[in-house]
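Heads up, the thing below is written out as structure tokens.
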Amino acid sequence: MSLIDFTPFISLAVFGLAVTPAGLLGEGKARRTIAPSISMIGLFLALGSAIWLGFSAAQTPGPGAIMSTDIFTYFFTGVLLVVAIFVGVASLSFMRGDPNEAPYFGLLILSTLGMIVLAASLDLILLYVGWELMSIPTYALTAFRKSDPNSNEAAMKFFVLSALSSALIVYAISLVFGISGSTNLIAIANTFGSITPDVRPFGVLAIVLFIVGFGVKMAVVPFHMWIPDAFEGAPTTIGALLAAGAKMAAFAAAFRVFIIAIGPFHVEWHSIFAIIAIVTMTLGNLAALMQKSFTRLLAYSSIAQAGYIMIAFATPNGQAIAGGLFHVLNYSILKTAAFIAATAVATRLSISNLDSFNGLAKRMPQTSINIAVLFLGLAGVPPLSGFFSKALLFAGAVNSSLPWGGYLAIAGLLNSGFSMGYYGWLIKRMYFDEPSDGSRIPEPRSYMAVLWAATALTIIIGLYPQPWIQLSQDAANALKVLGPQA
Amino acid sequence: MFGILTVAIFLPAAMGLPVYVLGRRNIRLARLLGVGTTAAELVVTLIILGVFSYGIGGFQLAEKVDWASSFGLTYHVALDGISLPLLLIATILSFLAAYGSTDLIKEREPEYYALFLLFETGIIGVFTSLDLILFYVFWEIVLVPMFFFVGIWGGPRKKYASMKFLIFTYTGSVIMLFGFLAVYAWTSSQGNPTFDYTELVGRVGGLALPLQLAASIATFVGFAVKLPIVPFHTWLPDAHVEAPAPVSVLLAGLLLKMGGYGLIRFNLLFFPAATNVLWPYFAAIGLVTMIYGASVAIVQRDLKRMIAMTSINHMGYVLLGAFTLNGIGLSGAVFQMFNHALAIGILFLMSGYIHEHAGTRNIDELTGLRGKMPLTVTLLVLGSMAAMAVPGLSNFISEYFVIQGALRASYFFAIAIVAPALTVGYFLWMLRRVVMTPGVGARNEISLHSLAILAAFLIPLFVLGAYPGPLLDSIIRATTNPLAPGGP
């Protein structure tokens, strides 16, 4: 293990810190372009190095390592950087002319750094550092439109709940440290397998606190209340970062903690996840059916999608975890792009109202066709990417020896059926309804670049899923190999 | 490796984008390329018919390539005596419907023909794939164009009909997917997980009965929604009536056959032990569907709605015939799908032409139509004869096979004979008003090439009615052998 293995982290740290001061340099046009250019260089450098290292230098971490450079780390790093790049490219248009462009990009990159640290950490202290590094910039970003009361309200709600979740995680960490005498996940796994009855309740309490703490960011029911308000109030590009980036990073942390450290604990913690998964996907989908605002619809659909991924925790066999990771990959691309589409629409139309989507196909044809494909992908219609990850996930659930596996798969499949109610309904609005105003709306090039890239990825992954399934399985194996060995 | 079946499957989809892009500049080019591709597809199918060996059972022209081996997925396509007639009918009907569209579809044509070609790829993929997930992929590819067809080019209640169609069939599909995943999960618990049909057919026999029943019922629901059976049929009248006439041809002629084909391939022949338990129930549902469809058709006033209900009636034969568990009933079911597609195709397309020329589809208002459209009315009589299964047309052979097979399975199914009687009843009632009344009004015939398209539907029915020959023979060969060990 050498310093080169940490290139993605180092490049984000260096460029993230450099963006804000660099943005103060120069005059006029140069001043406006310098911060975005540096940010994009940093993000692409990080992504390129993560892909290269993932293929060439991924290794199983040794005992006592606090940060891993295994394939799981690079998998999440890649996914999260793609999200950050999508958000960054869209922000080129979104933030144009804003006086605070440089701090915006700086915060974006530092938050991304927090996310990938979270995915890499094998130590609870580092995990907490990553958690805070991810969260703090997003508070500021959510409140970025400081004269907009909605943005402030969203940021306040988000901040209070996030701070609460951080506090709960710290408490959970302290309990786990008290029980096991270590903050290293692998060392914890060794002690949790042979826990004595007198400290058992503390172990259970720690698990519950972890579930609540991570659950707030993962947006699973019943910790999802802040999501629709925050996504609606925040600048829509930041909605994308929260919905795909921060949320998936929280999933990465949860995978690390639950699959590695808590795995051997002889309590039926899987059943809690089974209940949460079913409730989350059902409530998310049913609530999404009733929304009148596009961002709120996206928010509830992201809650429902979190429910599907939770299946991987409820039936943690290799296939379900691989399916969960594959779904993380697909969901991140689809959901980020869906939010960018919302941004494109929001520039000219009121996004708080789904009626403005009536006949959108005639007004914004490129945006509409992309939304249609992305939504079909989220619903899980083959041959788009979302179908294969759901199929892998549900097959893993059915295959599980745990008694609720089959029910989880049935719930997931039926929910996919319900979800067509709102995904299809929006496509109906865009293509079958007549617009109240038939004028064409300009579609900024940077938004379209993101949308077409996401649509292309969705179709490519769907038509040839083999390498992506293989990648998810490798990442799942890298995760499981650190956990308890049967 | 890849071969002619791959060409047959992907040729239309590959032409979809050129049709859209070039068609936006020139509408005539969109029509020409759209119809031309379906014609080329028909030629490819005729070549396949030429190289197919009729004397033997089993799968032919197989192509198998790894697709996603980590998940047990293969690209595996092949043909046998069950899928061959369906491939043929898919390409014939696509060509005739595309050609008919040139008269009946007047707006957003580039999009229409591009989606049409995507639909054709989906439907041919469904009839040829031998991997459960590949099958499911094509199965769902069909859904999307159909949703847009009804939603964009449909009648007054198109939005309602398209959403209802989407939600019904998509929910059915995901339930079916559960059946597939359950089988897959079982194979992976045995080691060597696979979705490959030919491999699974040999292994599924070892699946425990309760799991086999669950998987069988789950797939049955998915196929039954498409077929459709009572009580999952309510999407059908709405979608058929709202869809433009050529799309109704595709819906009734091909989309419903997906349900029938799936039932035979992925339910009946796939879960032998479950089928031995469930067949009386499934066959009884088929019987109910036949009689229900016919009874409801009697009271329809809208010509197109009546024809839509005829579909429910005729697809009930497929379900009944398949689950008689004998070769004669099953081959009747397969042949019935072929014949029904043509008979319903001519009737739906004709209802579109009549609506356009006479301004109404109400049977009462169509009284005296023969004064206006004598040639069309003649074809209407011939098409109705096909739907009534008059001897001499191949529909008679298939319905006879189904009822004969049903009688061999149980004398209880003798009730099935009520269905053809009812069918004859409502068709004659309709013909009495529309045709057997004094002609009214000046002559306003549809164009000659429209008449030629309509007549083309009838030719195979008359030819196969007189000489069912190798087609029926290959169906019988394909359906008799697999049933032999488990069947009664």
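Mind jotting down the distance between the C-alpha centroids of the stretch B:364-385 and the stretch A:1-47, whole Å?
Centre-to-centre distance over Cα atoms comes out at 76 Å.
Just to check, using Stokes-Einstein with a Kirkwood Rh over alpha carbon pairs, what's the diffusion coefficient of chain A at 20 °C and 1.002 mPa s in µm²/s?
D = 96 µm²/s.
Would you calculate, for chain B, the mean residue ellipticity at 222 nm contributed by helices, counting each DSSP H stretch of 4 or more residues as -39,500 (n - 2.57) and dividing by all residues, to the nearest 500?
One gets -24500 deg cm²/dmol as the mean residue ellipticity at 222 nm.
Relative contact order of the stretch A:377-486: what whole-number percent is it, with Cα pairs under 8 angstrom and at least 6 residues apart?
Relative contact order comes out at 35 percent.
What is the mean number of Cβ atoms from other protein chains located within 10 Å of the Cβ atom of each residue in peptide B:64-70, rounded to a whole number?
Neighbouring Cβ atoms belonging to other protein chains average 4 per residue here.
Tell me which residues come under 5 Å, amide H to amide H, from B:N362 once H is placed; ignore anything under 5 positions away on its chain.
The answer is B:L303.
What fraction, in whole percent, of alpha-carbon pairs in the stretch B:194-238 exceed 15 Å separation?
57 percent
Any idea what diffusion coefficient the stretch A:382-486 gets from Stokes-Einstein, in µm²/s, Kirkwood Rh on alpha carbon pairs, 37 °C, 0.692 mPa s?
Answer, rounded: 190 µm²/s.
At R0 = 56 Å, how high is the FRET efficiency between A:L24 and B:V277 if r is their beta carbon distance? Nearest 0.05 is fine.
Calculated value: 0.15.
Return the long-range amide H neighbours of A:Q59 (sequence gap of 5 or more, or a different chain), with a cut-off of under 5 Å between placed amide H atoms.
Under 5 Å from the amide H of A:Q59: A:T69, A:D70, A:I71.
Fewest to most neighbouring Cβ within 10 Å: what's the order for B:V221, B:V277?
Ascending number of Cβ neighbours within 10 Å: B:V277, B:V221.
Bins of 10 Å, beginning at zero and ending with the bin holding the largest distance: percent of Cα pairs per bin for chain B, please.
Per 10 Å bin, starting at 0, the Cα pair percentages come out as 4, 21, 33, 27, 12, 3, 0, 0.
With respect to the cross-link table entries B:K158/B:K372; A:K217/B:K158; A:K335/B:K257; A:K29/A:K292; A:K335/B:K64; A:K292/A:K390, which display a Cα-Cα separation exceeding 31 Å?
As for pairs spanning more than 31 Å Cα to Cα, those are A:K217/B:K158; A:K335/B:K257; A:K29/A:K292; A:K335/B:K64.
Per residue of B:177-183, how many C-beta atoms from partner chains lie within 10 Å of its own C-beta, taken as a mean?
6
Helix-only estimate, please: 222 nm mean residue ellipticity of chain A, summing -39500 (n - 2.57) across DSSP H runs of length 4 or more and dividing by its residues, to the nearest 500.
It lands at -25000 deg cm²/dmol.
Can you sort B:W67, A:W131, A:W452, B:W153 from fewest to most other Cβ atoms within 10 Å of each residue's own Cβ?
With the sparsest Cβ surroundings first, the list reads A:W452, B:W67, B:W153, A:W131.
Largest first and to the nearest Å, give the Cα extent of the stretch B:288-374 along each principal axis.
48, 23, 16 Å, listed from the longest principal axis down.
If each Cα of the stretch B:81-193 is one equal point scatterer, what is log10 of I(q)/I(0) from the Debye formula at q = 0.12, 0.17, 0.23, 0.24 Å⁻¹?
With no solvent term, the Cα-only Debye profile gives -0.53, -0.93, -1.30, -1.34.
Compute the whole-percent fraction of alpha carbon pairs in the stretch B:399-472 spaced more than 22 Å apart.
Taking all Cα-Cα pairs of the stretch B:399-472, the fraction more than 22 Å apart is 56 percent.
Using only C-alpha positions, report the orientation-averaged shadow area of the convex hull of the stretch A:268-486, nm², one decimal.
Averaged projected hull area, Cα only: 11.8 nm².
Would you mind giving the average projected area, over all directions, of the Cα convex hull of the stretch B:342-400 in nm² with one decimal?
4.2 nm²
Bins of 10 Å, beginning at zero and ending with the bin holding the largest distance: percent of Cα pairs per bin for the stretch A:233-286, please.
Reading upward from the zero bin: 20, 36, 32, 11, 1.
Regarding the stretch A:120-203, what is the average projected area of its C-alpha convex hull, in nm²?
Mean projected area of the Cα convex hull: 6.2 nm².
Running Debye on the stretch B:358-488 with equal point scatterers at the Cα sites and no solvent, what base-10 log of I(q)/I(0) appears at q = 0.11, 0.21 Å⁻¹?
Log10 of I(q)/I(0), two decimals: -0.55, -1.24.
With no solvent and one point on each alpha carbon, what is the Debye value of log10 I(q)/I(0) for the stretch A:367-412 at q = 0.20, 0.33 Å⁻¹?
-0.64, -1.04
Where Rh denotes the Kirkwood radius from the mean inverse Cα pair distance, what is Rg over Rh for the stretch A:100-252?
Using Cα coordinates only, the ratio equals 1.03.
Give me B:Y112, A:Y464 sorted ascending by neighbouring Cβ count inside 10 Å, so fewest comes first.
A:Y464, B:Y112
In debye, nearest 20: dipole of chain B around its Cα centre with unit charges on the Cβ of K, R (+) and D, E (-)?
Here the size comes out at about 960 debye.
With only alpha-carbon atoms in the gyration tensor, what are the semi-axes of the equivalent ellipsoid for the stretch B:122-263, in Å, largest first?
Output for the stretch B:122-263: semi-axes of 31, 14, 11 Å.
From largest to smallest, what semi-axes in whole angstrom does the protein assembly as shown give when each is the square root of 5 times an eigenvalue of its alpha carbon gyration tensor?
54, 33, 23
Just how far, in whole angstrom, is the stretch A:459-486 from the stretch A:269-335 if you go by their alpha carbon centroids?
Cα centres, the stretch A:269-335 to the stretch A:459-486: 19 Å.
Measuring from centroid to centroid over Cα atoms, what is the spacing of the stretch B:399-456 and the stretch B:89-149 in Å?
After rounding, the separation between the Cα centres reads 27 Å.
Computed from the coordinates by the stated procedures, all read-outs in this text should not be read as laboratory data. Computed from a predicted structure; not experimentally measured. Because the Cβ atoms are built from the backbone with ideal geometry, glycine has one as well, and the counts that use them run over all protein chains shown.
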